[in-house]
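The values are calculated or read from the model by the stated rules, or taken from the named source; none is laboratory data. All values derive from a computational prediction rather than experimental measurement. Here Cβ is always computed from backbone atoms with ideal geometry, including for glycine, and neighbour counts include all displayed protein chains.
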Amino acid sequence: MSTHLPKIYALHENPEWFPPFARAFELEGLDVEEWILTDGVLDLDSAPPEGIFWSRISASSHTRDHGLSKDYTRAVLSWLESHGRRTVNGRRVLELEMSKVDQLSALRAAGIETPRTVAAIGRHRILEAAQGFPTPFITKHNQGGKGLGVRKFESHDELAEYVNSTDFEEPQDGITLIQEYVQAAEPQITRVEIIGGEFVYAITADTARGGFQLCPADACEIDPVTGKAIAPPGATLAPEPGQQLFSLREDFQDPIIDKYLEFTRRVGLEVCGIEFIESIDGRLLTYDVNTNTNYNAAVEASAPKSAPRELARYLKKVAQQ
């Protein structure tokens, strides 16, 4: 019997994030073809190629001038799944990536505590949505990633001034979230990495230096124009050359892991990083689900196992089934 595995297609839009995965695939001897979904032609009368299709389209794709990627991927995944092709992080998961309302609603339905949040549909409804929120509070974009639209406000008057100013950042989908500001017990958040229904490891991110923009990919740390370390919005300490915002949270064990694993099974999420913050008043609040998770090189150097390698092994397992 032939041991030849079907080809794996990696659907994405940002080649800068792909090298760690390419190395892992090579080590596992996998035949992987990149499918860059920025634009293209899709013949609905044709059948898709045979193979496994792993989607890692990012909610922040529009910030890289890839504004068509979200809808192009919707079309491609619908086409693939209508032909019975095996997708990893498929059509349903794409919607989870693109909407924090979707994420928070699904987390709450799974019994996972999240910060109090109100969604304003349209710029003119933001002040109404913020009524009754104790200060301080934050705003963020519903279609987020990279800390898009995350700002902290000390008063409602400060929010009104921002909303009515030329500095206002229009969300990609027109939806702005008003969310309680969670005072952390320590200046950090934790991100739990999950692949194929298994906990891989947890990392912490330094919010004093990282602020609201906590992308772990190496490409996110340096400004491509100046070549200097980026000082993200919300940071209270200046970045330093060679700084490490991310570290392995060693021996992390908490009941939240089992809740996250059940959540991923519930929504069909196969590869993800889920972030939570531990508040000063003792709550553990989950606020973000990353379905196109990136892995940090410094963490990988000290982790008990490699997440990209675990992903490659999982995709190989899927291909063998």
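Some points to look at:
A quick yes/no check of all residues on (1) surrounded by 11 or more Cβ atoms within 10 Å (Cβ to Cβ); (2) closer than 19 Å to residue 62 by Cβ:
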residue	(1), (2)
5	yes, no
11	yes, yes
15	yes, yes
21	yes, no
30	yes, no
40	yes, yes
43	no, no
48	yes, no
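- Every test in (1) in contact (Cβ under 8 Å) with a residue 24 or more places away in the chain; (2) over 18 Å from the mean Cα position of the chain (by Cα); (3) assigned to a loop (DSSP other than H, G, I, E, B) is passed by residue 66 save one, and that test is (2).
- Verdict on residue 48 being in a loop (DSSP other than H, G, I, E, B) and in contact with a His (Cβ under 6 Å, 6 or more places away or on another chain): yes
- Boolean, residue 137 is within 30 Å of residue 270 (Cβ to Cβ), modelled with pLDDT of 95 or more and of a type in the set (Phe, Trp, Tyr): no
A quick yes/no check of all residues on (1) surrounded by fewer than 18 Cβ atoms within 10 Å (Cβ to Cβ); (2) modelled with pLDDT under 60; (3) farther than 29 Å from residue 54 by Cβ:
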{"position": "235", "(1), (2), (3)": "no, yes, yes"}
{"position": "246", "(1), (2), (3)": "no, no, no"}
{"position": "254", "(1), (2), (3)": "yes, no, no"}
{"position": "262", "(1), (2), (3)": "yes, no, no"}
{"position": "267", "(1), (2), (3)": "no, no, no"}
{"position": "276", "(1), (2), (3)": "no, no, no"}
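- Within the stretch 300-321, considering residues that are assigned to a loop (DSSP other than H, G, I, E, B) and out of contact with any helix residue (DSSP H, G or I) (no Cβ under 9 Å at 6 or more places or on another chain), the one surrounded by the most Cβ atoms within 10 Å (Cβ to Cβ): 303
- Some residue of the stretch 111-132 being under 30 Å from residue 10 (Cβ atoms) and part of a loop (DSSP other than H, G, I, E, B): yes
- Odd one out for residue 277, checked against (1) of a type outside the set (Phe, Trp, Tyr); (2) in contact (Cβ under 8 Å) with a residue 24 or more places away in the chain; (3) within 21 Å of residue 27 (Cβ to Cβ): (3)
- Restricting attention to the stretch 190-210 and to residues that are at pLDDT below 95 and among the hydrophobic types (A, V, I, L, M, F, W, C), the residue that is surrounded by the fewest Cβ atoms within 10 Å (Cβ to Cβ) turns out to be 208.
- Filtered residues of the stretch 246-299 (kept if part of a loop (DSSP other than H, G, I, E, B) and under 17 Å from the mean Cα position of the chain (by Cα)): 268, 269, 270, 291, 292, 293, 294, 295, 296
- Test result for residue 89, within 21 Å of the chain's Cα centre (by Cα), outside the structural domain of residue 47 (by TED's automatic domain parsing) and touching a residue at least 40 places away in the same chain (Cβ under 8 Å): no
- Cβ pairs under 8 Å, 6+ apart, first in the stretch 175-193 and over 22 Å from residue 155 (Cα atoms), second outside any strand (DSSP E or B) and aromatic (Phe, Trp, Tyr): 190/252; 192/252; 192/260; 193/295
- Filtered residue count, the stretch 151-188, keeping only those that are assigned to a helix (DSSP H, G or I) and either exposed (fewer than 14 other Cβ atoms within 10 Å of the Cβ) or not acidic (Asp, Glu) (or both): 7
- The set of residues in the stretch 117-134 being surrounded by 13 or more Cβ atoms within 10 Å (Cβ to Cβ) and either in contact (Cβ under 8 Å) with a residue 40 or more places away in the chain or closer than 26 Å to residue 263 by Cβ (or both) consists of 117, 118, 119, 120, 121, 123, 126, 129, 130, 133.
- For residue 84: the one exception among (1) under 23 Å from residue 14 (Cβ atoms); (2) free of Cβ contacts under 8 Å to residues at least 12 places away in the same chain; (3) part of a loop (DSSP other than H, G, I, E, B): (1)
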